[in-house]
Number of protein chains: 2
Amino acid sequence: MGRLTGLLEAELKATNEAIVARMDSPVVLIPQLAAHIVAAGGKRMRPLLTLATAKLCGYQGTRQVKLAACVEFIHTATLLHDDVVDESMLRRGFASANAVFGNKASVLVGDFLFSRAFELMVEDGSLEVLRILSSASATIAEGEVLQLTTQNDISTTEDKYFDVIRGKTAALFAAAAEVGGVIAGVGAEECAALQGFGMDLGMAFQLVDDALDYAADQTQLGKTVGDDFREGKLTYPVILALAEANEQERAFWVRTIEQSEHTEEDLATALKLIQKYDVTARTIARADQFIDSAVNILARFPQSDVRSALADVARYTTARRH
Amino acid sequence: MGRLTGLLEAELKATNEAIVARMDSPVVLIPQLAAHIVAAGGKRMRPLLTLATAKLCGYQGTRQVKLAACVEFIHTATLLHDDVVDESMLRRGFASANAVFGNKASVLVGDFLFSRAFELMVEDGSLEVLRILSSASATIAEGEVLQLTTQNDISTTEDKYFDVIRGKTAALFAAAAEVGGVIAGVGAEECAALQGFGMDLGMAFQLVDDALDYAADQTQLGKTVGDDFREGKLTYPVILALAEANEQERAFWVRTIEQSEHTEEDLATALKLIQKYDVTARTIARADQFIDSAVNILARFPQSDVRSALADVARYTTARRH
């Protein structure tokens, strides 16, 4: 990631400035709350994708900065709404916005950032960019609702799980990557390739995230281990462990995930079952398939520093646990 | 209202069909939850404004239908988020969506409808319409957040109250009215006039709503009397009553609104104080000033059936209590 951010240092700095400038409002609670989540940082993965693909396609202008800020605003809005939804108390190792400011303010400031993203796109003036990002936004919401309906449902299939993460995570990666190509004015085929690259990267990213929820220690990842388990989320690790479960293990998953009845030792038991069936490694291996596909797509673009830095970022996705 | 809906019967029917068709999704909870709030009905006030101003400006095409659906989607999204925010259990006399489906689903389906609204605007293809409605959406969120920060604060001024309702309510009325003129292709002056008409109408509408919260009986209005009181909202009636309050009355408002300490008899006491200072009539009188301004603006447009029906709707706003 370091090399890519190095190559895009100026654009990333301008994007961060645009984010701070455009999240402002005379209603002071808005920049206060937004600053809380923006200051928490994150890796600016999604806006970086827009900046990187614009450069990859030889774009020379400055439109990518504002659009990268849009992408980050949409992402931040979904985080704010997601934190309300999941009642999570940690986000990137900091107290989540809803824990500090309350659910009410988080929902409304999310709405503000989302609206502001569309205002920025209108300023940019491309209907094609508006089409890509409004469609991605609807898909994100569909993915989140689908996740809600699969929660606590241990009959959830792999296919449905992939539908969920394609919507809630990969769609915005895909849109962010495509937008860079659109403003560079490359053809439909290249735009579709960038979209596919972002989609694969997003799928891998979420798979790794879901693996880490049963593996990482809290200080490293900045999120509580076992969040997904406690919330009864049907993630890939659980689906894999369920497929192999003996009768007793299945009863454990039914009680904890389906019936949400938890005792203090349950997380330890869950982690043991995950280990028993080598689930973490198998989840990462599935993510690696997406990364291979993503890197293959990149090979269609001319060799450049940014191309190889993007490929490094992709490969690093599945190495996050180290 | 009957006359206006009669004049726009075909367009309104098409709009309702577009609403049902476009709130669909393969994720079945989305149309289920959306149907719950759409079926609850409401008067389709905001989409009617778009349909009416398009006709007022002599528009002959069909774009108003899709854009009226957009306006209703944005409104529905804010209702869904508002119900989560206010923890209200009644909406238009029916159980609110969050009471039936939970806060999580309400936030996410709101996000979906909001995104879908922008997708529809992109299909329509007018950057000017996108500018108007994205700006209105940001303003709505600002108004809602401002309302949150004035809650329980009895030092809230009339000016601040008007800022809140201009944002949370009137901005969408204004945008809905302006969009009709934009697609009819009228000049900037007429568009500004329509925007002003919608703004005045929205201000009056919210003032009446706030008056009725201390006056209406539940079956008539479809909302619980005293909701605003219990939530500590600083609405116009409370601001008026506070301005006249003697020492004992002020202590009552401080305890109930500022410190949120309620006993069973408090609502009755509040209603008595509202009556003592003739607050309801004075709030309606303030609304009537906005309506006068709205009707004056209409007079700039050529006489037509739709113009007089629109004026009737405006005048009826402040007669809702009867």
Across the stretch A:150-167, which residue is nearest to the chain's Cα centre (by Cα) among those that are buried (at least 19 other Cβ atoms within 10 Å of the Cβ) and of a type in the set (Ser, Thr, Tyr)?
-> A:TYR161
Inside the stretch A:26-37, the number of residues satisfying the requirement of being surrounded by 20 or more Cβ atoms within 10 Å (Cβ to Cβ), assigned to a helix (DSSP H, G or I) and touching an Asp or Glu at 6+ places or on another chain (Cβ under 8 Å) is 1
Right, B:GLU189: of a type in the set (D, E, K, R), touching a residue at least 60 places away in the same chain (Cβ under 8 Å), more than 14 Å from every other protein chain (Cβ to nearest Cβ) and surrounded by fewer than 24 Cβ atoms within 10 Å (Cβ to Cβ) or not?
-> no
Here the qualifying pairs (Cβ atoms under 8 Å; residues six or more apart or on different chains; first in the stretch A:7-25 and under 19 Å from A:SER308 (Cα atoms) and assigned to a helix (DSSP H, G or I); second open to solvent by 70 Å² or more (accessible area, probe 1.4 Å) and basic (Lys, Arg)) come out as A:LEU7/A:LYS55; A:GLU11/A:LYS55
Here the residues within the stretch A:232-258 that are surrounded by fewer than 18 Cβ atoms within 10 Å (Cβ to Cβ), more than 16 Å from A:GLN275 (Cβ to Cβ) and in contact (Cβ under 8 Å) with a residue 24 or more places away in the chain are A:VAL254, A:GLU258
How many residues are within 9 Å of chain A (Cβ to nearest Cβ) and at pLDDT 90 or above when one looks only at the stretch B:63-99?
-> 3
Checked the stretch B:288-315 for anything more than 15 Å from B:PHE197 (Cβ to Cβ) and either within 17 Å of the chain's Cα centre (by Cα) or modelled with pLDDT under 95 (or both); matches are B:ASP288
Please go through the stretch A:293-311 and pick out each residue that is loosely packed, with under 15 Cβ neighbours inside 10 Å and part of a helix (DSSP H, G or I).
-> A:ASN296, A:ASP305, A:SER308
Note on the stretch B:139-148: residues within 16 Å of B:ASP228 (Cβ to Cβ) and either facing chain A (nearest Cβ under 7 Å) or without any contact (Cβ under 8 Å) to a residue 40 or more places away in the chain (or both) are B:GLY143, B:GLU144, B:LEU146, B:LEU148
B:ALA54 within 14 Å of another protein chain (Cβ to nearest Cβ) and open to solvent by less than 10 Å² (accessible area, probe 1.4 Å) = no
Filter pass, B:VAL145 being β-branched (Val, Ile, Thr) and more than 26 Å from B:LEU310 (Cα to Cα) = yes
Does A:ALA319 satisfy being surrounded by fewer than 17 Cβ atoms within 10 Å (Cβ to Cβ) and hydrophobic (A, V, I, L, M, F, W, C)?
-> yes
Can you confirm whether the stretch A:158-173 contains a residue that is more than 8 Å from chain B (Cβ to nearest Cβ), touching a Gly at 6+ places or on another chain (Cβ under 6 Å) and among the aromatic types (Phe, Trp, Tyr)?
-> yes
Condition check for B:GLY102: of a type in the set (Gly, Ala, Ser), modelled with pLDDT under 95 and open to solvent by 10 Å² or more (accessible area, probe 1.4 Å) = yes
Please tell me if A:VAL182 is closer than 14 Å to A:LEU67 by Cβ, within 14 Å of another protein chain (Cβ to nearest Cβ), touching a Cys at 6+ places or on another chain (Cβ under 9 Å) and open to solvent by 10 Å² or more (accessible area, probe 1.4 Å).
-> yes
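The values are calculated or read from the model by the stated rules, or taken from the named source; none is laboratory data. This structure is a prediction, so every number in the text was calculated from the model and none was measured. All Cβ positions, glycine included, derive from the backbone under ideal geometry; neighbour counts span all protein chains shown. What goes into the accessible areas is simple: the full protein's heavy atoms, side chains included, and nothing from ligands, DNA or RNA. Shrake-Rupley method; radii C 1.70, N 1.55, O 1.52, S 1.80 Å.
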